[in-house]
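What follows is a short report on a single structure.
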Amino acid sequence: MSLVAEAFMNQLAAAEPWPENAALYQQLKEDQILLSDNAASLAVQAFLQMCNLPVRVVCRANAEYMSPSGKVPFIHVGNQVVSELGPIVQFVKAKGHSLSDGLDEVQKAEMKAYMELVNNMLLTAELYLQWCDDVTVEEITHPRYGSPYPWPLNRILSYQKQWEIRRKMKAIGWAGKSLEQVLEDVDQCCQALSQRLGTQPYFFNKQPTELDALVFGHLFTILTTQLITDELSEKVKNYGNLTAFCRRIEQQYFEGHDKDGSAAASARSAKRSESDPDLNKIWSQIFTPECFCLAACQMPSSCKCVTHLGVQLVELMR
Amino acid sequence: MAAPMELSCWGGDWGLPSLHPESLTVMAYAKFSGAPLTVNTINNSWSTPKADVPVLISEDTVISQPAKILNFLRKQRYNADYELSAKQGADTLAYIALLEEKLLPALLHTFWVEAENYCSVTKPWFASRIPFPLSLYLPGKMSREALNRILLTRGGPPLYSLTEVEAQIYRDAKECLNLLSKRLGTSQFFFGNTPTTLDAFVFGFLAPVYKVCFPRVQLQEHLKQLTNLCRFCDDILTCYFKLTITGHSPSGQDTADANLQKLTQLVNKESNLIEKIRLSLFLCRWMTTFVRVLSTPLGR
């Protein structure tokens, strides 16, 4: 996004208060969402809860394709769509809500540095585990990632995504790492976070910041997700203050709130809440590889993809 | 005592011990921790390694990648972080992640992707240190890898064109420099008066931006406004590398090198010029044909 566009967007955002019907989109909780996406979604939910901004969690099988950046989660506020934690923090700040305003310059630098640490190590490790560890790929990632789509689309999309992530891993030098090395990195990262947190309730003492939201999103997801082995969650469980930190944020911001936004619910809920029950039917009716992208766009107004026109065409034909 | 350790890394210029951020990081850490490394700068003979530089060789162990080399040095009891608390150790890790995520893409871009910089400085400099047929291939490969890394990690929607990605990575890099400047404040090093691992990394990333004379210098311009970071680089260069600079490169060879470089730059510029002339000739020819085609129906 260009600077001008961004400034314009911020101005627009500042003009309107936070609406009641703000929605956060992510993939289906029970059957589809992957570890890394769930962590990112939970981080944004925690952040919005900490800002005391209500948001309704909406699950869509095609959330990834609806997002302007191709990544989940994204929020739909008023007539704007913003995806990923960083831009959402900016967007919310433009509306006058910020968690990090009370920090001094050095603390802000520190907060940014730790957020990059989480992205650089925890997120990359999650992606590595779910797309580069062959057993996990076969047993968990492919079945879940392709679950909303019929054969052969499920395989095609899964392999496409896998190829993309593996190229990224190769570019940043992670492709040559073994699982043990990756787990060691996770351990190192957790150790750093644990030492930084110490005995404080939040990373910057009394008040939560976006760093707390991000760390909570990742660690809570790692702790509560059943993978093939427990190696990853064991690494986190070694650090008592981090698990206590996760429990504290869960109790404070998620328990007793609405069912949709609850983190605990994300681990428990069995329903495909608000997902499109007819989606599979639509697939089988119009399925051709070219049609796939068309049908994936449920929200053409926010979709910038080339198939935009195609969607309108489909709608006209109905 | 410990076995002798040899470090192979890219050499220096413009008053730097090395032009290569990773090499510079390891060299700085070795100085800070007092590790007795024999530094072999890469020259255009076939005997020195070219891939995965810097490489540390100690007896029969060969280690590449700065983080692993630093770990190895720590195991050999050359540790610059003895006096750090656990929290400061955690901070070190976090700031290194910040450098890698925010500053590295712009640094790679300045060196390897920005066409003018690459053609007139980076390519001739690296090519002159690589033996002949390989010198035609390796710089291009390094450039492609850099571009690939930038696009894969930073590209993708909603940033569709390279210019948009460029704007974003330079914005991130400038923000990162500001954060580092604020973190450093007025203290000599990041954790007080003795340099540590973090100082080695920051120095490794900043010094090339600060010292290398490129035609396009938007990052350097920004860095030069942050006086405490510049002072930080200058301090390390004068306190820890002074002897090496005068000791390592005899002035005669330096001027010869500089001449060679100017020559290669000239040749490169010429070839660019030729390319441009060729293009404009082609365009002229194309235009005339176009005009001719247009004028045919008019003539009838």
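Among the residues of region A:108-126, the one identified as within 17 Å of A:VAL72 (Cα to Cα) and more than 12 Å from every other protein chain (Cβ to nearest Cβ) is A:GLU126.
Within region A:37-50, does at least one residue satisfy the condition of being open to solvent by less than 20 Å² (accessible area, probe 1.4 Å) and either within 14 Å of chain B (Cβ to nearest Cβ) or without any contact (Cβ under 8 Å) to a residue 24 or more places away in the chain (or both)? No, there is no match, as no residue in region A:37-50 is open to solvent by less than 20 Å² (accessible area, probe 1.4 Å) and either within 14 Å of chain B (Cβ to nearest Cβ) or without any contact (Cβ under 8 Å) to a residue 24 or more places away in the chain (or both). Filtering region A:209-232 to residues that are of a type outside the set (A, V, I, L, M) and open to solvent by 10 Å² or more (accessible area, probe 1.4 Å) leaves A:GLU210, A:PHE220, A:THR224, A:THR225, A:GLN226, A:THR229, A:ASP230, A:GLU231.
Would you mind stating whether B:ARG216 is more than 14 Å from chain A (Cβ to nearest Cβ), under 20 Å from the mean Cα position of the chain (by Cα), open to solvent by 10 Å² or more (accessible area, probe 1.4 Å) and more than 20 Å from B:THR110 (Cα to Cα)? Against the criterion (more than 14 Å from chain A (Cβ to nearest Cβ), under 20 Å from the mean Cα position of the chain (by Cα), open to solvent by 10 Å² or more (accessible area, probe 1.4 Å) and more than 20 Å from B:THR110 (Cα to Cα)), B:ARG216 does not qualify.
Close Cβ contacts (under 7 Å, 6 or more residues apart or on different chains) running from residues in region B:72-90 that are among the hydroxyl-bearing types (Ser, Thr, Tyr) to residues that are open to solvent by less than 60 Å² (accessible area, probe 1.4 Å) comprise B:TYR78/B:SER33; B:TYR78/B:GLY34; B:TYR78/B:ALA35.
Filter region B:62-93 down to residues that are more than 10 Å from every other protein chain (Cβ to nearest Cβ) and among the acidic types (Asp, Glu) and give me whichever is surrounded by the most Cβ atoms within 10 Å (Cβ to Cβ). Selected residue: B:ASP81. For region B:96-109, check the following and say yes or no: at least one residue is assigned by TED's automatic domain parsing to the domain that holds B:GLY12, more than 20 Å from B:ASP199 (Cβ to Cβ) and in contact with an Asp or Glu (Cβ under 7 Å, 6 or more places away or on another chain). Within region B:96-109, not a single residue is assigned by TED's automatic domain parsing to the domain that holds B:GLY12, more than 20 Å from B:ASP199 (Cβ to Cβ) and in contact with an Asp or Glu (Cβ under 7 Å, 6 or more places away or on another chain).
Taking the criterion of being surrounded by fewer than 18 Cβ atoms within 10 Å (Cβ to Cβ) and either under 18 Å from the mean Cα position of the chain (by Cα) or among the hydrophobic types (A, V, I, L, M, F, W, C) (or both), would at least one residue in region B:17-31 satisfy it? First the steps, then the outcome.
So in region B:17-31, the residues surrounded by fewer than 18 Cβ atoms within 10 Å (Cβ to Cβ) come out as none.
Within region B:17-31, not a single residue is surrounded by fewer than 18 Cβ atoms within 10 Å (Cβ to Cβ) and either under 18 Å from the mean Cα position of the chain (by Cα) or among the hydrophobic types (A, V, I, L, M, F, W, C) (or both).
The values are calculated or read from the model by the stated rules, or taken from the named source; none is laboratory data. Predicted model only: the values in this text are computed from it and were never measured. Cβ atoms come from the backbone with ideal geometry, glycine included; neighbour counts cover every protein chain shown. These accessible areas exclude ligands, DNA and RNA; they are computed on the full protein's heavy atoms, side chains included. Shrake-Rupley method; radii C 1.70, N 1.55, O 1.52, S 1.80 Å.
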